[in-house]
Amino acid sequence: DNMPFNFIFVPKNACTSIKASLLHAFANLDVNNVKRRTHALADSHLKESIDYNKQFVALVRNPYSRFISAFADKCRPEGDMVVWKALCNRYGFDTGKPISMVQLLDALISDEPNMINPHFRPQSNILCASAISPCRLFFMERFSEFSSFLREQGIELLKRAPHATKARAPKPHELDDDIISKIIHLYVNDFSLYQYSVDPAIMLSARSPRISEFLISPERDLAPSASVCCDNLLFSKPFLASTSSIVCLCNHARR
């Protein structure tokens, strides 16, 4: 109730760190206690009735890196046993044997998206994209922008990464073509809605597809309302804070 916004948590998107930070800031809980029992405390303190008068905030991640991270963490006998056992029970895997990415992707693709374990469920489903449009949408690949937002709200970021997977996870561009095509199939809405490239070598999301659309077509006539929208977007603080955005704007400036 004390939070000035509604935050929609997405597993594998710094979820633990964000929960810990919000608990410390708005539930006045001891830091050490928060770090020990982050998820349990979040369930009891951060999941109260939604106030629809508050803005919705969310953090999204490139579908390739999110899937790879979840797979490396959850899909092995010596990993997160809670999630691993649930996956095995649902899809008929052997809890004592590792599985391949292809095996998991085939199982996930055949499942109903909203029934997929949240660590692998498309972000657009978790964020209820058909019903909710976040007022503030941040990207893991530009995490500094999200950190700045938290500081503006008086929130100290408590970094928690109990399931870090960098050491054992492949890079997106190292994936086989078959795996890439299956990831694209499963997360097609995530790629589209959050403007991520299906090229695994391009990990950064577009800052705003609407801004890009205005810039690459400077010769077209805009209705007055569209011009106002264009101005509001172009001169928003996040856009102007990006050097690449300024370069792009100058290159496509009207004469």
In the list Lys47, Lys12, Lys19, which residue meets the criterion of being among the basic types (Lys, Arg), surrounded by fewer than 20 Cβ atoms within 10 Å (Cβ to Cβ) and not in a strand (DSSP E or B)? Lys47
Any helices (runs of 4 or more DSSP H) falling wholly within the range 165-221 and containing at least 2 residues that are exposed (fewer than 13 other Cβ atoms within 10 Å of the Cβ) and modelled with pLDDT of 65 or more: 177-186
Could you please give the count of residues in the range 1-28 that are out of contact with any helix residue (DSSP H, G or I) (no Cβ under 7 Å at 6 or more places or on another chain), without any contact (Cβ under 8 Å) to a residue 24 or more places away in the chain and among the hydrophobic types (A, V, I, L, M, F, W, C)? 1
Output the residue which, of all residues in the range 53-85 that are closer than 14 Å to Phe139 by Cα and β-branched (Val, Ile, Thr), is surrounded by the fewest Cβ atoms within 10 Å (Cβ to Cβ). Val57
Note down all Cβ pairs under 9 Å where the first residue falls in the range 80-94 and is under 18 Å from Lys12 (Cα atoms), the second is in a helix (DSSP H, G or I) and small (Gly, Ala, Ser), and they're at least six residues apart or on different chains. Val83/Ala70; Leu87/Ala107
All helices (runs of 4 or more DSSP H) inside the range 93-161 with 1 or more residues being open to solvent by 50 Å² or more (accessible area, probe 1.4 Å): 101-109, 143-152
Report whether or not Leu41 is open to solvent by less than 20 Å² (accessible area, probe 1.4 Å), over 27 Å from Ser65 (Cα atoms) and either assigned to a helix (DSSP H, G or I) or among the aliphatic types (A, V, I, L, M) (or both). yes
Can you name the number of the only condition in (1) aliphatic (A, V, I, L, M); (2) under 20 Å from Pro122 (Cβ atoms); (3) within 22 Å of the chain's Cα centre (by Cα) that Ala86 fails? (3)
Report, ordered by the first and then the second residue, all pairs with beta carbons closer than 6 Å, sequence separation of six or more or different chains, a first member in the range 104-124 that is farther than 20 Å from Ser192 by Cβ, and a second member that is surrounded by fewer than 17 Cβ atoms within 10 Å (Cβ to Cβ). Ala107/Tyr91
Residue under question is Ser124, and the condition is that it be among the polar types (S, T, N, Q) and under 12 Å from Pro63 (Cβ atoms); does it hold? yes
Quick one: Ile99 ticks every box in (1) touching a residue at least 40 places away in the same chain (Cβ under 8 Å); (2) under 19 Å from Leu186 (Cβ atoms); (3) β-branched (Val, Ile, Thr) bar one, so which box is it? (1)
Among the numbered conditions (1) touching a residue at least 12 places away in the same chain (Cβ under 8 Å); (2) out of contact with any Gly (no Cβ under 6 Å at 6 or more places or on another chain), tell me where Pro77 comes up short. (2)
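The values are calculated or read from the model by the stated rules, or taken from the named source; none is laboratory data. If you're wondering where the values come from, they're calculated on a predicted model, not measured in any experiment. In this analysis, Cβ positions are derived from the backbone assuming ideal geometry, glycine residues included, and neighbour counts consider all displayed protein chains. Note: areas computed on protein heavy atoms with side chains; ligands, DNA, RNA excluded. Shrake-Rupley method; radii C 1.70, N 1.55, O 1.52, S 1.80 Å.
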